[in-house]
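Working notes for the structure below.
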Amino acid sequence: MAIRDALSDSLLLAQERAAADPTAEWLESWEVWVTAMQAGSAMFAAATTTEESVECLIHHEVRSVPATGPQPWVDAGNWLTVFMLSVICRDKERLDALCQVPVSLLRQSGAEYDAYVYPWVEALQAYWLSRPELGDKLLEAAQGLAPEAAPIAGPEATTKLLWPVVDLFHRFGAADHERFNQSLANALTLHKQYWTTGDDRANDPRGLVPVGVLAMACLTHDAGIPIEVESEYLPRHLLKGTWVGEFRT
């Protein structure tokens with residue numbers, strides 16, 4: 001549970017820092033994004049290890065994390081968060097490990113998700129591991145994001161937060177420069193609409209950085225496709241990977 005809390009606390013701090021450092025030009029901002037990724041990765045390493053414990057680097061220190069096996073927090077939502085953080089931090093080894101996590105393990109968490117979630121996880125795993133089922137899983141995820149098919153998330157969150165990330169991934173896979181940038185601009189507009197509706201959302205730091213959208217932009221940037229959209233929601237130095245390699249992650 002401490003690892004679970006470290007993920008959520010570090011990610012919240014990273015998003016809060018965006019208010020003071022919107023471009024992530026401070027090393028401290030990069031550090032906290034990395035810490036969130038490390039804590040989340042440790043969560044899944046501990047759940048999948050066959051040993052009594054696993055050694056994990058978290059916040060510049062190697063820590064021994066006891067094996068946990070399936071747990072309520074070893075779920076698809078956290079998997080998606082850690083995948084996106086690993087993309088943003090350009091950590092290929094962690095992405096390799098995450099994509100070996102069986103979806104069956106995620107299902108054992110008991111968490112309830114809309115129909116799109118598990119095919120979406122499988123699509124991302126298939127992409128990273130070059131598996132042939134990518135297209136089928138992506139189509140299944142997209143079909144599961146019809147507003148009426150996602151009652152748990154609800155139509156507003158589905159339309160404004162969830163679908164745009166899957167759409168961006170599709171545009172990235174198609175290497176469609178123009179359509180990706182159009183979809184990116186639309187995703188950021190929808191994100192702003194969602195997170196500025198009402199005082200509660202407007203004051204919630206989780207709305208400062210759309211993690212999934214940023215991750216898709218990072219993938220596309222690294223593939224050599226120009227990102228023509230500039231936004232306060234896309235920290236420039238995270239998008240460009242300015243701090244990658246500054247210290248061991």
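Descriptive notes on the structure:
- The criterion of at least 3 residues that are exposed (fewer than 15 other Cβ atoms within 10 Å of the Cβ) and of a type outside the set (Phe, Trp, Tyr) is met, among helices (runs of 4 or more DSSP H) falling completely within region 159-245, by 177-195, 199-202.
- Filtering region 87-108 to residues that are of a type in the set (Lys, Arg), without any contact (Cβ under 8 Å) to a residue 40 or more places away in the chain and more than 20 Å from Leu134 (Cβ to Cβ) leaves only Arg107.
- Filtered residues of region 140-177 (kept if at positive phi and of a type in the set (A, V, I, L, M, F, W, C)): Ala175
For (1) at pLDDT below 95; (2) hydrophobic (A, V, I, L, M, F, W, C), each residue gets a yes or a no:
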residue	(1), (2)
Gly207	no, no
Ala215	no, yes
His221	no, no
Pro226	yes, no
Tyr233	no, no
Arg236	no, no
Gly241	no, no
Val244	no, yes
Arg248	yes, no
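- Hits in region 131-158 (condition: buried (at least 19 other Cβ atoms within 10 Å of the Cβ), of a type outside the set (A, V, I, L, M) and more than 17 Å from the chain's Cα centre (by Cα)): Lys137, Gly144
- Residues of region 97-115 that are of a type outside the set (A, V, I, L, M, F, W, C) and within 18 Å of the chain's Cα centre (by Cα): Gln100, Pro102, Tyr113, Asp114.
The values are calculated or read from the model by the stated rules, or taken from the named source; none is laboratory data. This one's a predicted model, so the numbers in the text were calculated from it and none came from an experiment. Reconstructed Cβ throughout: ideal geometry from the backbone, glycine too, with neighbour counts over all protein chains shown.
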